[in-house]
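Undergrad: Below is a structure I'd like to ask you about.
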Amino acid sequence: MAAEILSDLSRATDSNSDSLTGATWNFYDVGTLTPRAVYSDASLSTSLGAVVTADSGGQFVPIYLDGSYEYRGILKDFDGNTIKDIPKINPALSALLASTASSKGAGLVGFSHAATYAASTVGKKLQQIVDPRDAPYNAAGDGATDDYTPLASALASGKKVWLEPGVTYAFGTQLAYSVDNSGFIGGGKLLMLTGTGEFDAADYTGTYSTNRTGILIDGITNPVLDAIIEMETNASVRTCNAVTVVSCTNPNIKVEAYGFKEAKYGIVEANSNTGGVIDANVHDCGADSTSLGSMQITGLAVDGNRVGGVNSTGVRYFGRFKDIRLGAAAGAAYGEQTDGLNIQTVGYSGAICDVIAENVGEAFDCFGDHVIANVNAKDVVNYGVKLIHGASFCQVTATVDGCGIYGAVIGSDSTTKSCNRNNINLTVDGVGTVSNPTSPANQAAFATDGSSAAYQPTNNTITVNGRTNGATATHAVLLESGSGNLIEADCTLSFGTQYGSISTLSRAATTTSGSPDLTSVNTNGLVAGQTVTGTGIPADTVLVSVDTGAGTAVMSKNATASGAITMSAPLYGNIIRRRQGTYIKAYIGTATTVAQNADVPFDTELTDRTNEFNPSTYTATVRCDGRYEVLAQARCSSVPSLEQWGIAVYKNGSEVYRHTPINGAASAREVWAQIPAIVLDCAAGDTIKCVCIATSAGPFTVTNDRKYSFIQIRQI
């Protein structure tokens, strides 16, 4: 046996820890001054003699002792003075201390899994973690060898199993947790093998079946999982999922999963758990096959397979989902049945969810009650948010950038109860900009949807801000079902051929256009204070429908009016406040000259309202009836002495307000003109612009400055 001497003997220092140049280690047999040779290598093939001299930094070369002897060591300085005398250096002890590392210093830590350590010691803590490549497990970790047996044995030890990042462990049989406080940690990769007799489920074969679910965590407390799970490529469809967590208390799950083709109940599946955190990063999954009865892929599914009807409660979910899609043929055959996070709880959930999703069918799908969700979705084929099957009392904040059907939808085809008293705060860009394989007839920023006459969405509160929408979009708000819902729609850019249209559909999907007067064939169910015919409804608030019994209620004014509202019975009691929320700001981007009575050249628009403001004609066009606040100012760089120069606001070509200050100075100087916050009552189609006013023909040079030469228009 050979051992390198301990790290504190490998460098010579004085009492001030300064290096001792030329110091020497002198080695003897124990109890004598008989020299005993030491060596420079563990094989003891190169002798250093009995005296070893330090370099200029006081550092000694590696020194190995012959384990057949016990040594005495005397450290002396350059002058031969004794610094340290160690009566007995035990090579066996040195060998034990060095056995877990090839380097010296901090790397020399004595440890054995077989030893017994006192509580709170380093050794005790190290025993709580095992590496499956170490004895007695001896996993290959090469990404090809089936490491099921060593991985399963390591899990069964009840310790944390360290998966080193960058190392891949292949396995072909389900790994099942069985001990509290145990699991995989470290973030390494687990590769699910898909050959015959491995994870080869061609279709759904039952809950948690061993050839379908890669990792099963069932009925334990404080399980942990931090790993990447990949599905081995196979030409055939494999209906498998990465991990299922069921009936656990305080699970701590962080998993990245990819390469899965079909997973009926979620690539990451969580059922009937209490507390804890589940963090799923699922991406690059899907297949283009029509061989199965259906194709469905969900990134993270909650309570799709509840145990004894018990819901998960109090769990925090983090979901990141990208590129979970069916192929073209599968999408056409089955619809784009791909979800990011699906809360399938029936009844109380209490889940708190954060969802980021891109290029999926639906980002967030929820059945459960009392769910709080923050959703950021991009390029969703169907919906950004869907509340369905009785989801109630949920609070959802969502931003959807591109959708194929609806930014958000509350469905009504539930066989248990209606979706009610939900609160959705929704911002949508790009309605209709994402291709959908079903070619839907209607698209909208927000919609209610369904065919159940018994279970309609009721008493929901929706705030929807729709912007920059695609040419195929037809509605800002589309109501197919429900009653008693309160919706505020602030839809700022064009939806197809209509501007911010708000529509309802009968079961036959017919529409009647018009706004905002109310006519009815009878008065059954009219809201108190409303007349059968007339114009008593404020311009920015409309009663979309009333219950007229067997009759039909129609909002009618002008079927071709911009922003028409369409509806038909039997929807009733829904109130929509269509608040276009127009806010336009433009400024003079290029200094130029203007003549008397010429339009002020506000040529640069700041607020992405190009369908309402034309920077070529410097004119705003109102798209919705309402009251508008106008504020403007401009700066002329040189106005002659005693000259008046200013600006005026024009509505539909006629002046409504002007400000013309005078230059009272003896010479030409800069003059500002400012329009205060004036209020105009406008109808859809009215135009607003500013005109240069002066007492002489000019021309006058107006300066470019977004702070001092601008127009601002805001609906109030």
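Undergrad: Are any of the residues in region 277-292 in contact (Cβ under 8 Å) with a residue 40 or more places away in the chain, under 17 Å from residue 207 (Cβ atoms), polar (S, T, N, Q) and outside any strand (DSSP E or B)?
TA: no
Undergrad: Considering only region 31-38, I want to know if a residue exists there that is loosely packed, with under 15 Cβ neighbours inside 10 Å, in contact (Cβ under 8 Å) with a residue 40 or more places away in the chain and out of contact with any helix residue (DSSP H, G or I) (no Cβ under 6 Å at 6 or more places or on another chain).
TA: So far as region 31-38 goes, yes, one or more of its residues are loosely packed, with under 15 Cβ neighbours inside 10 Å, in contact (Cβ under 8 Å) with a residue 40 or more places away in the chain and out of contact with any helix residue (DSSP H, G or I) (no Cβ under 6 Å at 6 or more places or on another chain).
Undergrad: Does region 327-335 contain any residue that is aromatic (Phe, Trp, Tyr) and in a strand (DSSP E or B)?
TA: Within region 327-335, the first condition is being aromatic (Phe, Trp, Tyr), and the residues that meet it are 334.
Those still in the list that are in a strand (DSSP E or B) too: none.
Looking through region 327-335, none of the residues is aromatic (Phe, Trp, Tyr) and in a strand (DSSP E or B).
Undergrad: Assuming residue 385 fulfils every condition listed in (1) closer than 24 Å to residue 465 by Cα; (2) surrounded by fewer than 24 Cβ atoms within 10 Å (Cβ to Cβ); (3) not aromatic (Phe, Trp, Tyr) apart from one, which condition is it?
TA: Here residue 385 meets the rest and fails (2).
Undergrad: I would also like to ask the following. Restricted to region 388-407, and to residues that are out of contact with any Lys or Arg (no Cβ under 6 Å at 6 or more places or on another chain) and within 20 Å of residue 318 (Cα to Cα), which residue is surrounded by the most Cβ atoms within 10 Å (Cβ to Cβ)?
TA: 391
Undergrad: Scan region 4-28 for residues that are out of contact with any Phe, Trp or Tyr (no Cβ under 8 Å at 6 or more places or on another chain), within 19 Å of residue 68 (Cα to Cα) and at pLDDT 70 or above and jot them down.
TA: Within region 4-28, just 26 meets the criteria.
Undergrad: Which of the residues that make up region 314-336 are buried (at least 17 other Cβ atoms within 10 Å of the Cβ) and touching a strand residue (DSSP E or B) at 6+ places or on another chain (Cβ under 7 Å)?
TA: 315, 317, 318, 319, 320, 321, 322, 324, 325, 326
Undergrad: Of the residues that sit in region 152-188 and are under 32 Å from the mean Cα position of the chain (by Cα) and free of Cβ contacts under 8 Å to residues at least 24 places away in the same chain, which one is surrounded by the most Cβ atoms within 10 Å (Cβ to Cβ)?
TA: Looking at the filtered set, the residue picked out is 165.
Undergrad: A further question follows. So in region 48-74, with the set limited to residues that are outside any loop (DSSP other than H, G, I, E, B) and modelled with pLDDT under 90, which one is farthest from residue 38 (Cα to Cα)?
TA: Restricting attention to region 48-74, the residues satisfying the condition of being outside any loop (DSSP other than H, G, I, E, B) are 48-49, 51-53, 59, 64-66, 71-74.
After this cut, where a residue has to be modelled with pLDDT under 90 as well, the list is 59, 64-66.
On the way: 59: 16, 64: 6, 65: 5, 66: 7 Å.
Here the residue is 59.
Undergrad: Counting just the residues of region 189-213 that are buried (at least 21 other Cβ atoms within 10 Å of the Cβ) and within 29 Å of the chain's Cα centre (by Cα), which one comes out modelled with the lowest pLDDT?
TA: For region 189-213, the residue satisfying everything is 212.
Undergrad: Kindly indicate the residue of region 454-469 that is under 15 Å from residue 428 (Cβ atoms) and surrounded by fewer than 19 Cβ atoms within 10 Å (Cβ to Cβ) and also modelled with the lowest pLDDT among those meeting that condition.
TA: Here is the first cut: in region 454-469, the residues under 15 Å from residue 428 (Cβ atoms) are 462-469.
Cutting the leftovers down to surrounded by fewer than 19 Cβ atoms within 10 Å (Cβ to Cβ) gives us 463, 467-468.
On the way: 463: 90, 467: 64, 468: 54.
Among residues in region 454-469 that are under 15 Å from residue 428 (Cβ atoms) and surrounded by fewer than 19 Cβ atoms within 10 Å (Cβ to Cβ), the one modelled with the lowest pLDDT is 468.
Undergrad: Kindly provide the set of residues from region 138-186 that are of a type in the set (Ser, Thr, Tyr), part of a strand (DSSP E or B) and closer than 23 Å to residue 246 by Cα, ordered by number. Break it down stepwise before answering.
TA: Taking region 138-186 and keeping what is of a type in the set (Ser, Thr, Tyr), we get 145, 148-149, 153, 157, 168-169, 173, 177-178, 182.
Imposing the further condition that a residue be part of a strand (DSSP E or B) reduces the set to 145, 168-169, 177.
The answer is 177, and nothing else.
Undergrad: If a residue has to be at pLDDT 90 or above and of a type outside the set (Asp, Glu) to count, how many in region 678-692 make the cut?
TA: Going through region 678-692, the residues at pLDDT 90 or above turn out to be 678-681, 686-692.
Filter once more, keeping what is of a type outside the set (Asp, Glu): 678-680, 687-692.
Qualifying residue count for the region: 9.
Undergrad: Just for strands (runs of 3 or more DSSP E) wholly inside region 615-695: which have at least 1 residues that are basic (Lys, Arg) and crowded, with 17+ Cβ neighbours inside 10 Å? Step through it out loud before you land on a result.
TA: On the way: elements: 619-621, 626-639, 645-651, 654-659, 669-682, 687-694.
It comes to 626-639, 645-651, 687-694.
The values are calculated or read from the model by the stated rules, or taken from the named source; none is laboratory data. This one's a predicted model, so the numbers in the text were calculated from it and none came from an experiment. Positions of Cβ are generated from backbone atoms using ideal geometry, with glycine treated the same way; all protein chains shown enter the neighbour counts.
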